[in-house]
Amino acid sequence: MGTIIKAEGLKKSFDGFEAVKGIDMEVEAGEIFGFLGPNGAGKTTSIRMLTTMVRPTSGKIIINGFSLDKDLTEAKASIGVCQQHISLDKDITVRQNIKHHAILHKMPAKEIGPRMGELSELMGLGPHMDKKVTELSGGWKRKTSIVCSIMHRPKILFLDEPTAGLDTKSRHMLWDMIRELNRSGTTIFLTTHYIEEAEDLCGRVAILNQGTIVALGSPKELCDSIGYITVEYSGDDGKKSMRQFPDRQSGKEFMAKLKEDTAMSLRKTTLEDVFLIATGEEYSEGGV
Amino acid sequence: MPRILDESYRVAWGDLCYFKENAPTILISCLIGPLLYLVAFGYGIGSGMESGIDGYIRFIIPGVISMATLSATFSFISSKILIQKLFYASFDELMLCPIRPSSVVLGKTLVGILRGICSCAIILAIGVLISPGIKVTAFLFLLVFISSLTFSLLGILAGLLAKKHNSLTVFSSLVIVPMTFFCGTIFDVSNVPAILGYAIYALPLTHPTEAIRAVMLDLPIPWLSVAAICVYCILFFVLDYCIIKRRSF
């Protein structure tokens, strides 16, 4: 289907601090692409550059075939963004916020009403449509933000921590909606703190650490790259450690060598293991 | 409709919804100040003037109208921009839309212009009742429009530059409040010492005041002042444009 998001040598510095140190990546049209990283890894800065909100210090971005340097308006028309922070006008109602978003994205007037009805029903926003945004709980504000971001049927949808603040039921509903949107051809670029969310939804993920991409591939490829099987065990000092192996047999052989009283378990490697190893967080002695 | 007007209306749509629903409160709040000046200065100080109350009221009405183009626009626009930028983050949403920065600037002035024109029209109606001799022409409305636009653009500039609400309050106390008193709204600038006069003529409110007064009192139009308002208008627009352009790509 071709590349729909392309970043080349993307860098961003703030007052001498290099928040993003050079990102090269391509996102294929029609995929759900996950962007993971610990706090301060440069995720938000990267997404703000990709969504035209922050100008990179250097590098090139192409969105839906449009270079942000030359065809900014066309690139903006191709994207929908649900920001991490609720970005609604709290002086007006939910309905007015959604309609304003559609007007700003130049949707034909006759399409706005039906589309708004369709999405408000999908998200269960019906009873809240004429309330002021200030009267809504965090979850309903989030849903309103999401409706705004998909109102104009963007080709690419950037979701920055979309399930933050949502209850389990709403989160699952949103996951279904993301899959449905993706099935209808929308490319999804998702950043999340919930690794199981990325593992469940994303065709490919990039793991960002200290401003650079340290791992990129499908969740399965990434898990296989460090070892299909993980053995978790407690070391002599009681500290929890893990080690990956290419197959179950190698894992069992390793467990047999550990002291009898060691707490240990064998399981399939998860994306969370990849994340911890790639970012050097928590487990420091892992590795194949 | 030219693209820039179409896009500006799209930007202003949300603010216009708010204005429509809260018009009485908004208008009353921006009329109180100018009307108080009219009563307090016109009838209070005017009674002690050589020209008498009528003469001074005739003099002060254009000043109060000019003052309204500032008070009805600047603080409303600057605090709205600041709130939308810092607390609602809805200003970021604008930057994500396929709308050009020039349209964002103009769109954000529309509610200010509407407030300015509505306030001035009400004060003008009261002014005509109090002092029937004053002239009301289409050029007067053009001046009110340009002045409201200029101070709305200044409001956008202040809102964009302010990092916190306190900065706006300080700017208002140091620049806006003195401007409402010193820019010829309640006294004739030609009576002040020359050095102070230069400073007063450097302030943007002096020029609409002079021009509006000339139209309403049927005096020769001070074209230099009309040109000065236009220069300030263009200057504020360019500054707003550059700041918004610099915020994103």
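Derivation of every value follows stated rules applied to the coordinates shown; laboratory data play no part. Just so we're clear, the structure is a prediction, and the values are computed from it rather than from any experiment. Note that we place each Cβ from the backbone using ideal geometry, even for glycine, and neighbour counts take in every protein chain shown.
Specify the residue with the greatest mean-square fluctuation among A:P219, A:P108, A:P246, computed from a Gaussian network of chain A linking alpha-carbon atoms under 10 Å apart.
A:P108
Number of Lys pairs in the stretch B:3-247 with C-alpha atoms less than 18 angstrom apart, excluding same-chain neighbours closer than eight positions?
11
After finding the eigenvalues of the alpha carbon gyration tensor for the stretch A:100-233, what semi-axes result from the square roots of 5 times each, listed largest first in whole Å?
Sorted largest first and rounded, they come to 33, 17, 13 Å.
Can you give the FRET efficiency to the nearest 0.05 for A:E221 and A:A109, using r as the Cβ-Cβ distance and R₀ = 51 Å?
0.65
Using r as the Cβ-Cβ distance of B:K163 and B:A121, and R0 as 41 Å, what FRET efficiency do you calculate, to the nearest 0.05?
Calculated value: 0.70.
Give me the Debye-computed log₁₀ of I(q)/I(0) at q = 0.23 Å⁻¹ for the stretch A:88-165, equal point scatterers on Cα only, no solvent, two decimals.
-1.12
Could you give the distance between the Cα centres of the stretch B:195-238 and the stretch A:48-69, to the whole Å?
If we compute the Cα centre of each part, the gap is 43 Å.
If packing is taken as the average count of other Cβ atoms within 10 Å, what order do B:60-71, B:199-210, B:23-34, B:162-173 fall into, highest mean first?
B:60-71, B:199-210, B:23-34, B:162-173
Bin width 20 Å, alpha-carbon pairs only: give the P(r) of the protein assembly as shown as whole percents, running from 0 to the bin holding the largest distance.
Answer for the protein assembly as shown: a P(r) of 19, 41, 25, 11, 3, 0 percent.
Inside 10 Å of the C-beta atoms of B:96-107, what's the mean count of C-beta atoms belonging to other chains?
Neighbouring Cβ atoms belonging to other protein chains average 4 per residue here.
Taking all pairs of distinct Cα atoms, average 1/r, flip it, and tell me the Kirkwood hydrodynamic radius of the stretch B:3-247 in Å to one decimal place.
Evaluated on the stretch B:3-247, it is 18.4 Å.
Sort B:Y198, B:Y56, B:Y43, B:Y88 so that the residue with the fewest other Cβ atoms within 10 Å of its own Cβ comes first and the one with the most comes last.
In order of increasing Cβ crowding within 10 Å: B:Y198, B:Y43, B:Y88, B:Y56.
Among B:215-221, A:83-89, what's the highest-first ranking by average C-beta atoms within 10 angstrom per residue?
Those peptides, ordered most packed to least, come out A:83-89, B:215-221.
Taking 7 Å along the Cα-to-C-beta vector as the label spot, tell me the B:I32-B:R246 distance in nanometres, rounded to one decimal.
Once both label points are built, they end up 3.6 nm from each other.
Quick check: residue separation of A:D236 and A:K268 times 0.36 nm, minus the Cα distance between them. What number comes out in nm?
Gain in length upon complete extension: 9.1 nm.
Based on the alpha carbons, how large is the Rg to Rh ratio for the stretch A:3-218 when Rh follows Kirkwood?
0.96
Over the C-alpha atoms of the stretch A:1-104, what are the Rg and the largest Cα-to-Cα span, Dmax, in Å?
Answer for the stretch A:1-104, Rg first and Dmax second: 15.2, 43 Å.
What is the stretch A:209-288 by shape, rounded, prolate or oblate, if you read a ≥ b ≥ c off the alpha carbon gyration tensor as root eigenvalues and call it rounded for a/c under 1.5, prolate for a/b larger than b/c, and oblate otherwise?
Oblate.
What residues from the stretch A:173-188 fall in the zone where the backbone N is under 11 Å from a label point 7 Å along the Cα-to-C-beta line of A:K131?
none
Given a Förster distance of 22 angstrom, what is the FRET efficiency for A:S184 paired with A:A29, based on the Cβ-Cβ distance and rounded to 0.05?
0.95
Can you give me the long-range amide H partners of A:F189? Hydrogens built in the peptide plane at 1.01 Å from N, cutoff under 5 Å, separation of 5 or more residues or another chain.
So A:F189 has HN proximity to A:F33, A:L157, A:F158, A:L159.
Taking 7 Å along the Cα-to-C-beta vector as the label spot, tell me the A:E18-B:V231 distance in nanometres, rounded to one decimal.
Label at A:E18, label at B:V231, 4.7 nm between them.
For the pair A:D71 and B:L86, how long in nm is the line joining their label points, each one 7 Å along Cα→Cβ?
3.9 nm
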